[in-house]
Amino acid sequence: MSSTTARQYPAWVPYFFLLPFLGVFLVFIAYPMLLSATMAFQQNAGPGVSEPVGLKNFTWMVQDPAFWIAVKNTTIFAAASVFIQLPAALGLALLLNSDKIKGRGLWRMIFFAPVLVGLPFVAILAGLIFEKNTGLLNVTLNALFGFDQEFPWLQEFVMPALIVAAFWMYVGFNMIYFLAALQNVNKDLLEAAQVDGANAWQRFRNVTIPAIKPVAAFVVLLSLIGSFQLFELPYLMLNESAGPENRGLTLVMYLYQQGFDRGDLGYASAVGWVLAVALFAFAIVQSVISKRSEADA
Amino acid sequence: MSAPNAASTKRFDLNMLIVYLLLVVFATITLVPFVYLLFSAFKSTESFFSFVFWPTQGAWYDVDWQGFTLDNWRTLFFEAGIVRATVNSFFISSVTAILATLFSAMGGYALAKYRFRGRGLTTLVVLGSLAIPFALLIAPGYQLLYWLGLLDTYTGLILPGVAPAFGVYLFRQAFISSLPDALIEAARIDGCGDIRIFFQIALPMVRPMIGAFLLITYLATWNNFISPQIVIQSADKLPLSVFVAQLRGPYSTSYGMIMAGTLVAITPVLVLFLLLQRDFIAGLTAGAVKG
């Protein structure tokens, strides 16, 4: 940090450097947030017509079965990301972490490739792969294991299909974070533990886990934030819909339907606040847990 | 966890075999959709439905060349207008990435290297904005663009994203850790102005961060669907993400054409990645390392 006693530059210089950020922040972040806080108590018919409705947006929301379906689906997806995808990503990172593995750069590149395809394109591709009868998945499973080729993924098993598609896309991406974290593991400590007779699981539990904890906590939070804002994957996999009986409806898709298909931006703002409060709560819980475990250590 | 150092070579080999087997299975699952995409883009609708990968029962190694076609590409380029959408994507992503990197670096530099009234508050604002979910801004953002008359314009699509708090934060960290104050003071003594110091002395010191941030912003903009879907209405202004999604029309669906369009959309990013792999991974993990 500069700590020069006599200032050697004109006073406006730092403000000049910050001007673009502050300008964009005030107009496109701070103002919309304030606006959203008032819009949440309005009903809109398109962006031009609004009417105050008090707390009714929130009472309508809790009475709307579709909202609860969205909450349920979003929660299932987030749980699958944290409890299935992240452990698999860690597993993959552990496999690749050994310097005995040949071609680590190549393996890493292969596993990382799906994230480069981008969410909308993964969704479009997955929509075709999960198609019954003609899709790659059912045809392959049928040829290999005699799996029912008419298995209706996109009609009745939407959430499993979404979870599989997201797994394919993100497992290698999250592996990169864990690989970076595994560089923090003290190799001498691992060896010492082995000399002392600790088995593989004990070494993993007591040496590796504590070392990767900070990054793991960060990845869990990123995963939750991403999962709770899931939109493109189901929306495009299900041909710009929520699927039969809203089986692929997520909270952001609910927000989108209310705000843009129905044109009620006020109601959509209310949904946005519910989502934001949930995410703030996650962030707080996460920081409390990681502080507590730091204190324990 | 590295594979345990077993006492006997035999057990070591078995462990490694299992590890490689797992890696191969994972890699196959990862790569098969790419192969599927590649073949499907060159198949007629008829052979798309008949064969998963290449059309078989032909004369040459069981490959039926008649099953392949360039029709998808012809329609895509000459009728559907994918060239325009590709140019749009390049334009939107380039402008966003360059401006976002420049403005983030400027903001981060001010917070890292100057003492001024309001610095603490601004730093707090930057950190606080990291916690604002995008979903909260969708509806009010649309309302604002409507009032400003910026719907269906590139200004409305690009401007809100040109100074991300995330970038300001990353550059602040980068300047604190890799730009010595003495360097700035020496330049000042030599009579160098502050703007020139920023461009000629400060920016070159954080070159890795510039590369990484350009790439992640470029990738994020290229793959952004929801913003253009909401902001852009004219068909000729759409980027590839929305354009390819719209190829799946309600009336006719040409699977081969959707696949060819997807291939067009993902190829530039894949090529960019292969060229700049190191920067890319550094950029994506930048947030995690500094926490």
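Looking at A:Ala198, A:Ala216, can you tell me which residue is more than 24 Å from A:Trp153 (Cα to Cα), part of a helix (DSSP H, G or I) and among the hydrophobic types (A, V, I, L, M, F, W, C)?
None of the others qualify; the one that does is A:Ala216.
Just for helices (runs of 4 or more DSSP H) wholly inside the stretch B:113-202: which have at least 2 residues that are among the β-branched types (Val, Ile, Thr)?
B:119-129, B:154-158, B:165-178, B:181-189, B:194-197
Out of all the residues in the stretch B:103-110, is one or more within 17 Å of A:Ala30 (Cβ to Cβ) and within 8 Å of another protein chain (Cβ to nearest Cβ)?
Yes, some residue in the stretch B:103-110 is within 17 Å of A:Ala30 (Cβ to Cβ) and within 8 Å of another protein chain (Cβ to nearest Cβ).
Could you check how many residues of the stretch B:163-204 are of a type outside the set (A, V, I, L, M) and within 29 Å of A:Leu26 (Cα to Cα)?
14
For the stretch A:110-124, check the following and say yes or no: at least one residue is within 8 Å of chain B (Cβ to nearest Cβ), within 30 Å of B:Ser254 (Cα to Cα) and not in a helix (DSSP H, G or I).
Yes - at least one qualifying residue is present in the stretch A:110-124.
Residue-by-condition table, conditions (1) in contact with a strand residue (DSSP E or B) (Cβ under 7 Å, 6 or more places away or on another chain); (2) under 25 Å from A:Trp107 (Cβ atoms); (3) surrounded by fewer than 16 Cβ atoms within 10 Å (Cβ to Cβ):
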position	(1), (2), (3)
A:Gly118	no, yes, no
A:Ile124	no, no, no
A:Leu136	no, yes, no
A:Asn174	no, yes, no
A:Tyr177	no, yes, no
A:Asp196	no, no, yes
A:Trp201	no, yes, yes
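Considering every residue within the stretch B:163-182, establish whether at least one is within 30 Å of A:Asp264 (Cα to Cα), facing another protein chain (nearest Cβ under 8 Å) and surrounded by 15 or more Cβ atoms within 10 Å (Cβ to Cβ).
Yes: the stretch B:163-182 contains one or more residues that are within 30 Å of A:Asp264 (Cα to Cα), facing another protein chain (nearest Cβ under 8 Å) and surrounded by 15 or more Cβ atoms within 10 Å (Cβ to Cβ).
Given the criteria assigned to a helix (DSSP H, G or I) and in the same structural domain as B:Ala85 (by TED's automatic domain parsing), does B:Gly211 qualify?
So B:Gly211 passes the test.
Given the options B:Leu151, B:Leu157, name the one that is surrounded by fewer than 20 Cβ atoms within 10 Å (Cβ to Cβ) and touching a helix residue (DSSP H, G or I) at 6+ places or on another chain (Cβ under 6 Å).
Exactly one residue qualifies, and that residue is B:Leu151.
Need the failing condition index for A:Leu90 against (1) modelled with pLDDT under 95; (2) more than 7 Å from chain B (Cβ to nearest Cβ), just the number.
Against the list (1) modelled with pLDDT under 95; (2) more than 7 Å from chain B (Cβ to nearest Cβ), A:Leu90 comes up short only on (1).
Test of understanding: among B:Ile82, B:Ile132, which residue is β-branched (Val, Ile, Thr), facing chain A (nearest Cβ under 7 Å) and out of contact with any Lys or Arg (no Cβ under 9 Å at 6 or more places or on another chain)?
B:Ile132
Return the pairs, sorted by first residue and then second, in which the second residue is surrounded by 13 or more Cβ atoms within 10 Å (Cβ to Cβ) and not in a helix (DSSP H, G or I), the first residue lies in the stretch B:18-38 and is of a type outside the set (Ser, Thr, Tyr), the beta carbons are less than 8 Å apart, and the residues are 6+ apart or on different chains.
Here the result reads B:Val19/A:Ser98; B:Val19/A:Ile101; B:Val19/B:Ala3; B:Leu23/A:Ile101; B:Val35/B:Phe53, each pair linking the stretch B:18-38 to a residue that is surrounded by 13 or more Cβ atoms within 10 Å (Cβ to Cβ) and not in a helix (DSSP H, G or I).
Restricting to the stretch B:183-217, count the residues that are under 20 Å from A:Trp12 (Cβ atoms) and within 11 Å of chain A (Cβ to nearest Cβ).
Total meeting the criteria: 12.
From A:Phe41, A:Phe25, A:Phe17, which residue is over 17 Å from B:Tyr146 (Cα atoms), in contact with a Pro (Cβ under 8 Å, 6 or more places away or on another chain) and of a type outside the set (Val, Ile, Thr)?
Of A:Phe41, A:Phe25, A:Phe17, the one residue that is over 17 Å from B:Tyr146 (Cα atoms), in contact with a Pro (Cβ under 8 Å, 6 or more places away or on another chain) and of a type outside the set (Val, Ile, Thr) is A:Phe41.
Please verify whether the stretch B:19-40 includes one or more residues that are at pLDDT 70 or above, in a strand (DSSP E or B) and outside the structural domain of B:Gly256 (by TED's automatic domain parsing).
no
If only one of A:Pro47, A:Pro65 is surrounded by fewer than 19 Cβ atoms within 10 Å (Cβ to Cβ) and within 16 Å of A:Val274 (Cβ to Cβ), which one is it?
So the residue among A:Pro47, A:Pro65 that is surrounded by fewer than 19 Cβ atoms within 10 Å (Cβ to Cβ) and within 16 Å of A:Val274 (Cβ to Cβ) is A:Pro65.
Identify, please: which residue in the stretch A:254-273 is more than 10 Å from every other protein chain (Cβ to nearest Cβ) and part of a helix (DSSP H, G or I) and is, among those, farthest from B:Pro133 (Cα to Cα)?
So the residue we want is A:Asp261.
Kindly indicate whether A:Phe67 is at pLDDT 95 or above and of a type in the set (Phe, Trp, Tyr).
yes
The values are calculated or read from the model by the stated rules, or taken from the named source; none is laboratory data. Everything numeric in this text was worked out from a predicted model, so none of it was measured. Note: ideal-geometry Cβ built from the backbone for every residue, glycine included; neighbour counts use all protein chains shown.
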